[in-house]
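Undergrad: There's a structure below that I have some questions on.
The values are calculated or read from the model by the stated rules, or taken from the named source; none is laboratory data. Given the structure is predicted, the values throughout are model-derived calculations rather than measurements. Cβ placement follows ideal geometry from the backbone for every residue including glycine, while neighbour counts extend to all protein chains displayed.
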There are 2 protein chains.
Amino acid sequence: MMHKVVIIGSGNVAQHLIEAFQIEEQNKEIELIQVYTRQKSTLSHLLSWNQITDDFNSLAEADVYIICVADDAIEEVSAKLPFKNRLVVHTSGSIPLTAIHEDNRKGVFYPLQTFTKNKKVDFSKIPICLESENAPDYHILLKIAQSISKKVYAINSEQRRALHVAAVFANNFTNHLFQISQEICQDNQIPFEILKPLIFETVQKLEILTPQEAQTGPAKRNDQKTIEAHETFLAHKKYLNIYKILTQSIQENVKKL
Amino acid sequence: MMHKVVIIGSGNVAQHLIEAFQIEEQNKEIELIQVYTRQKSTLSHLLSWNQITDDFNSLAEADVYIICVADDAIEEVSAKLPFKNRLVVHTSGSIPLTAIHEDNRKGVFYPLQTFTKNKKVDFSKIPICLESENAPDYHILLKIAQSISKKVYAINSEQRRALHVAAVFANNFTNHLFQISQEICQDNQIPFEILKPLIFETVQKLEILTPQEAQTGPAKRNDQKTIEAHETFLAHKKYLNIYKILTQSIQENVKKL
């Protein structure tokens, strides 16, 4: 059975999803029939004009409506939909299922990835986290998710909230640490390139070791002399506090072992 | 001209260096002639018995002696060497050139990578940071470093100190954030696998964007509602403080722009 999909939104996630569905349309199981956006021109490079609408009242009938808008607009957009009892899902990691308006059947279709404009992603490797109010709807979401990704997980709203916090640590905060290390390099006329093989190896290790097993460095060794030298180096710099707190946290983990 | 190398030490760095030199020996420019270790058996899987010594007085004559021992043993080991005016280097990121004893010509041969026992590394991609007291010695070190790596940099002791701090942020602290995210997953019955594609993409982005450009997430967007929800989720948990301080640091960076 062919599933008809409508996407609501035109941002980063919407555009990457549109492209993923377009690739998959060849196998005739999923059809992206329409996309809603406030400004039709924002999507004209991806879709033909008659596939785009800027009017909620012109939304086509579909098996699922995927809302890809900013977190704080999900509730409002889902309340504006001019139909009842259809399957409506959002794509946010931090918003509960219940944000979808009561008039429709609720679900979540959360692709866990960091999307960058103009950087292609291989959607088949992106985990998609699914949740639905009703079991039959889960099967529809599963079919659609599996058509574009090999990694599909059932994740409820409470788990998704935890996962989103975990993702902030693994992605946003990690990237910020890269920025700090780049600034330290820059301040000392060192090319940041020198650190990239180390960064790649840090991540590669996760293929064979747990982060606990992979931990190294002065905090792990409790090498107080090096820690003090680093703190002296960072004295009066804004990142000293981050150095101290992460060092202490690693040391506390070691003690627990 | 063939350069003769002696390695002093038998730990992780020593063993990875031994293997790297053994691969390169075929081109006849560098010869690893001997390795010193306190317990000869620790290296018997890598070297023939007559290439190993446990006696400083039996050290062979070489163009360079590479000390690969724990940071706080470098000074002592370099003082024990029973010869003068030879080129002696250490491999540490956090110890100055001057830790090498006055009797010999000082240098540093610092491979910037995280070494894991039993995990092979491709040494040709590991940056090697060189420093020497005298220009002619730099040329010897350059030749040796280039025989095993394509990435060789001149880094003085002050820069190396900065680089080592930067590496702690980029590697040790990053890995600790991975561990925190894994713990959050574990506590909520979520497989850590879900986060790995995100982690790989975080690092892949560094190929085309600076960390500053790649930064995303609630702190970057100043999405106070999500930040508060995350802080509520982490309330009474040991990682709340880390969340707050890294969020604040990202927000301060955004303000500067």
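Undergrad: Residues that are more than 17 Å from B:Ser10 (Cα to Cα) and either exposed (fewer than 15 other Cβ atoms within 10 Å of the Cβ) or away from chain A (no Cβ under 14 Å) (or both): does segment B:39-57 have at least one? Let's see the steps before the verdict.
TA: Of segment B:39-57, the ones more than 17 Å from B:Ser10 (Cα to Cα) are B:57.
Of the ones still in play, those that are also either exposed (fewer than 15 other Cβ atoms within 10 Å of the Cβ) or away from chain A (no Cβ under 14 Å) (or both) are B:57.
Yes: segment B:39-57 contains one or more residues that are more than 17 Å from B:Ser10 (Cα to Cα) and either exposed (fewer than 15 other Cβ atoms within 10 Å of the Cβ) or away from chain A (no Cβ under 14 Å) (or both).
Undergrad: Quick one: in segment A:5-32, which of the residues that are surrounded by fewer than 17 Cβ atoms within 10 Å (Cβ to Cβ) and under 24 Å from the mean Cα position of the chain (by Cα) is nearest to A:Leu87 (Cα to Cα)? So that I can check it myself, show each step before the final result.
TA: Initially, segment A:5-32 is screened for residues surrounded by fewer than 17 Cβ atoms within 10 Å (Cβ to Cβ), giving A:11-12, A:19, A:22-23, A:25-29, A:31.
Imposing the further condition that a residue be under 24 Å from the mean Cα position of the chain (by Cα) reduces the set to A:11-12, A:19, A:22-23, A:25, A:31.
Numbers: A:Gly11: 21, A:Asn12: 22, A:Glu19: 22, A:Gln22: 21, A:Ile23: 23, A:Glu25: 20, A:Glu31: 15 Å.
Ranking the candidates gives A:Glu31 first.
Undergrad: Is it the case that B:Asp72 is charged (D, E, K, R) and more than 25 Å from B:Val165 (Cβ to Cβ)? Reasoning before the result, please.
TA: Details: charged (D, E, K, R): yes; more than 25 Å from B:Val165 (Cβ to Cβ): no.
Against the criterion (charged (D, E, K, R) and more than 25 Å from B:Val165 (Cβ to Cβ)), B:Asp72 does not qualify.
Undergrad: Ok, one more. Give the number of residues within segment A:232-246 that are more than 28 Å from the chain's Cα centre (by Cα), more than 7 Å from every other protein chain (Cβ to nearest Cβ) and within 24 Å of A:Pro211 (Cα to Cα).
TA: Our first condition is that a residue be more than 28 Å from the chain's Cα centre (by Cα); within segment A:232-246, this holds for A:232-238, A:240-241, A:244.
When the remaining residues are screened for being more than 7 Å from every other protein chain (Cβ to nearest Cβ), the result is A:232, A:235-238, A:240, A:244.
The next check asks that each one be within 24 Å of A:Pro211 (Cα to Cα); those that pass are A:240, A:244.
Selection size over segment A:232-246: 2.
Undergrad: Among (1) within 15 Å of B:Ile8 (Cβ to Cβ); (2) crowded, with 19+ Cβ neighbours inside 10 Å, which single condition is B:Thr114 missing?
TA: With respect to (1) within 15 Å of B:Ile8 (Cβ to Cβ); (2) crowded, with 19+ Cβ neighbours inside 10 Å, B:Thr114 is out only on (1).
Undergrad: State the number of residues belonging to segment A:51-69 that are touching a Gly at 6+ places or on another chain (Cβ under 7 Å) and part of a loop (DSSP other than H, G, I, E, B). Quick ask: steps written out before the conclusion?
TA: Pass one, segment A:51-69, residues touching a Gly at 6+ places or on another chain (Cβ under 7 Å): A:67-69.
Filter again for part of a loop (DSSP other than H, G, I, E, B), leaving A:68-69.
The number of residues fulfilling the criteria is 2.
Undergrad: What is the one condition in (1) in contact (Cβ under 8 Å) with a residue 40 or more places away in the chain; (2) facing another protein chain (nearest Cβ under 7 Å); (3) not basic (Lys, Arg) that B:Thr216 does not satisfy?
TA: For B:Thr216, the failing item is (1).
Undergrad: Now for a different question. With the requirement that a residue be more than 7 Å from chain A (Cβ to nearest Cβ) and under 16 Å from A:Lys120 (Cβ atoms), what does segment B:187-208 give you?
TA: B:Gln204, B:Glu207
Undergrad: Select from segment B:109-158 the residues that are within 14 Å of another protein chain (Cβ to nearest Cβ), outside any loop (DSSP other than H, G, I, E, B) and either without any contact (Cβ under 8 Å) to a residue 24 or more places away in the chain or of a type in the set (A, V, I, L, M) (or both) and list them in ascending order.
TA: B:Ile128, B:Leu130, B:Ala145, B:Ile148, B:Val152, B:Ala154, B:Glu158
Matching residues to (1) exposed (fewer than 15 other Cβ atoms within 10 Å of the Cβ); (2) modelled with pLDDT under 95:
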site	(1), (2)
A:Tyr153	no, no
A:Gln159	no, no
A:Phe178	no, no
A:Glu193	yes, no
A:Ala214	no, yes
A:Ile242	no, no
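Undergrad: Also: Restricting to helices (runs of 4 or more DSSP H) lying wholly in segment B:216-257: which have 2 or more residues that are touching a Cys at 6+ places or on another chain (Cβ under 7 Å) and in the same structural domain as B:Thr174 (by TED's automatic domain parsing)? Can you show your working first?
TA: Numbers: elements: B:218-221, B:224-234, B:240-256.
Once the helices (runs of 4 or more DSSP H) in segment B:216-257 are filtered for at least 2 residues that are touching a Cys at 6+ places or on another chain (Cβ under 7 Å) and in the same structural domain as B:Thr174 (by TED's automatic domain parsing), nothing remains.
Undergrad: If you don't mind, another one. Between a residue in segment B:188-200 that is outside any helix (DSSP H, G or I) and any residue that is at pLDDT 95 or above, which pairs come within a Cβ distance under 6 Å, given they are 6 or more apart or on different chains?
TA: Going by the 6 Å Cβ cut-off, the qualifying pairs are B:Asn188/A:Gln159; B:Asn188/A:Ala162; B:Ile190/A:Gln159; B:Ile190/A:Leu163.
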